[in-house]
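Comments concern the structure below.
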Amino acid sequence: MATLMERFRPWWTSRSPRERIMLLVMAGLLGVTLGWLLLVRPLGDALADARARHDRAILARAEAGGQADAIASLERAGPKALPAPVDVWIGQKASEAGFTVARVDPVSAAQATIVINVVRSQAFFAWVSELERRDGLIVEGLNATTNNDATLSVEATFRTRAK
């Protein structure tokens, strides 16, 4: 059985010098094209993706640093002293917001659980946000289930920020 080179040699020698040069140039251009498509282009794409991931990571790190600074400033400010025990204060604020409170249970001196059977989600979460921002209370636990009338039944545990 003849090898590939033995079959190729008579074909190559039967070509004129001009054809041989043209075939060598064609093979060189084919090699450059394949090198570009199989090596340079994928590496360039990978480098561009790595740069994009790096840029996103830098932005995320800066955002996390800003959030950490905001948390640190809140912690340095210390907790706001409530004018009443936390369970009484939460019940009073819920009534002022127009919620019908099923019950408010004190868990500890700095923690209380409130149960509201019917509340609109937008109104409830706006109220929670206001308690966090203005009164320094933190939601430690939240269990919300939907009612049949597009309202929620909510059980939330709040605590004061510890110093």
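Quick note: the coordinates plus some simple rules give every number you see, no bench work behind them. Remember, it's a predicted structure, so these values are computed and weren't measured experimentally. Here Cβ is always computed from backbone atoms with ideal geometry, including for glycine, and neighbour counts include all displayed protein chains.
Among SER95, SER14, SER108, which one shows the highest mean-square fluctuation when the chain is modelled as a Gaussian network with alpha-carbon springs under 10 Å?
Highest fluctuation among the options: SER14.
Would you mind ranking PHE99, PHE125 by Cβ crowding within 10 Å, fewest neighbours first? Kindly include the intermediate steps, with their values, before the conclusion.
On the way: PHE99 20, PHE125 16.
The order, fewest Cβ neighbours first, is PHE125, PHE99.
Mind checking the angle between helix 17-35 and the chain's longest principal axis? C-alpha axes, 0 to 90 degrees, to the nearest 10.
Computed tilt is about 10 degrees.
Kindly provide the helix-only [θ] at 222 nm of the chain, computed as the sum of -39,500 (n - 2.57) over DSSP H runs of four or more divided by all residues, to the nearest 500 deg cm²/dmol?
When only DSSP H runs of four or more count, the value is -18000 deg cm²/dmol.
Given a Förster distance of 41 angstrom, what is the FRET efficiency for SER95 paired with LEU59, based on the Cβ-Cβ distance and rounded to 0.05?
The value I calculate is 0.40.
Place a +1 charge on the Cβ of each Lys and Arg in region 64-143 and a -1 charge on the Cβ of each Asp and Glu, then give the dipole magnitude about the Cα centre in debye, rounded to the nearest 20.
Using Cβ point charges on Lys, Arg, Asp and Glu, region 64-143 gives about 140 debye.
Just checking my list (1) 104, 44, 28; (2) 48, 41, 30; (3) 70, 33, 22 against Cα extents along the principal axes in Å computed from this structure; which label fits?
Recomputing Cα extents along the principal axes in Å here picks out (1).
In degrees from 0 to 90, rounded to the nearest 10, what is the angle of the helix 41-77 Cα long axis to the longest principal axis of the chain?
Approximately 20 degrees, to the nearest ten.
Take the alpha carbon gyration tensor of region 86-160, find the square roots of its eigenvalues, order them as a ≥ b ≥ c, and report rounded if a/c is under 1.5; if not, report prolate when a/b exceeds b/c, else oblate.
prolate
Using alpha carbons only, how many degrees (0 to 90, rounded to 10) separate the axis of helix 4-13 from the longest principal axis of the chain?
So the helix axis and the longest Cα principal axis differ by about 60 degrees.
Once each part is reduced to its C-alpha centroid, what is the distance from region 77-131 to region 134-162 in angstrom?
So the separation of the two Cα centres works out to 8 Å.
For the chain, set up a Gaussian network in which alpha carbons nearer than 10 Å are linked by springs, and say which option among ALA68, ALA27, ALA81 fluctuates the most.
ALA27
So for the chain, averaging the separation of alpha carbon pairs under 8 Å that are six or more residues apart and normalising by length, what relative contact order in percent results?
Working: 154 pairs, mean separation 27.3, N = 163.
Taking the mean separation of contacting Cα pairs over the length of the chain, I get 17 percent.
Any idea what Rg and Dmax come out to for region 4-77 if you just take the C-alpha atoms, in Å?
Final numbers for Rg and Dmax: 28.8, 92 Å.
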